[in-house]
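Quick notes on the structure that follows.
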Amino acid sequence: MSHQVEDIMGYLRDKPTSYSIFDLNSFMDDASKNISFGKSIQLTIQCPMITITADKYKLQSAIINILHNAKQAIGNNSGWIKINVCEESDEIVMTISNSGPPIPEGYMDKIFEPLFTTKQRGTGLGLRSVVKIVNEHHGTVSVNNDPVTFSIRLPKTIEKEKTIDGLTLTH
């Protein structure tokens with residue numbers, strides 16, 4: 001119950017985005033330490049030394065959410081989760097794959113919708129929060145099967161916007 005309330009409050013809370021520059025390699029290590037994977041799930045992280053301008057705490061929340069879903073998909077079976085980060089031109093591409101069962105085709109278009117869940121104890125806001133956070137960073141998130149892979153594409157640097165008298169200025 002507390003996890004569900006936390007999901008709802010996290011989704012509704014509209015904190016301003018606070019950008020900073022940080023190293024993704026140590027960031028991914030820190031994010032993965034927030035979840036206990038146990039001995040049956042092997043976690044592999046491939047991330048070169050790349051810096052990004054982003055809201056570290058919001059982005060960490062998105063990554064943890066995807067990792068948590070991957071762990072739940074694998075369940076009590078033995079399996080693996082792979083995180084791969086690379087640079088493509090002026091973008092950072094993060095992929096998180098897992099050995100859990102594929103997402104049913106009928107759900108692929110729905111999983112990012114608010115309140116859609118297949119879990120008894122889910123709120124349907126976790127992946128929607130991921131979309132919200134990624135959109136705040138001017139990025140995109142997508143999912144594919146075989147294996148289940150969530151892909152997040154973010155610009156390496158964010159143009160900071162400022163609103164003055166109803167006008168949006170970029171600097």
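A few comments on the model shown:
- Search result, residues across region 19-67 that are among the small types (Gly, Ala, Ser) and over 23 Å from ASN135 (Cβ atoms): SER26, SER32, SER36, GLY38, SER40
- Tallying residues that are part of a loop (DSSP other than H, G, I, E, B) and within 15 Å of VAL141 (Cα to Cα) within region 68-113 yields 6.
- Among the residues of this structure, PHE116 counts as one that is part of a loop (DSSP other than H, G, I, E, B) and either over 15 Å from ALA54 (Cα atoms) or at pLDDT below 80 (or both).
- Taking the criterion of being at pLDDT 95 or above and under 18 Å from LYS132 (Cβ atoms), the residues of region 68-97 that qualify are MET94, ILE96.
- Matching residues, region 119-142, being β-branched (Val, Ile, Thr) and either open to solvent by 50 Å² or more (accessible area, probe 1.4 Å) or at pLDDT 90 or above (or both): VAL130, VAL131, ILE133, VAL134, THR140, VAL141
- Within region 98-112, none of the residues are open to solvent by 20 Å² or more (accessible area, probe 1.4 Å), on the phi > 0 side of the Ramachandran plot and modelled with pLDDT under 90.
- Within region 36-60, considering residues that are polar (S, T, N, Q) and in a loop (DSSP other than H, G, I, E, B), the one least open to solvent (accessible area, probe 1.4 Å): SER40
The values are calculated or read from the model by the stated rules, or taken from the named source; none is laboratory data. What you are looking at is a predicted structure, and each value in this text was computed from that prediction instead of being measured. Note: ideal-geometry Cβ built from the backbone for every residue, glycine included; neighbour counts use all protein chains shown. The accessibility values were calculated without ligands, DNA or RNA, using every heavy atom of the protein model including side chains. Shrake-Rupley method; radii C 1.70, N 1.55, O 1.52, S 1.80 Å.
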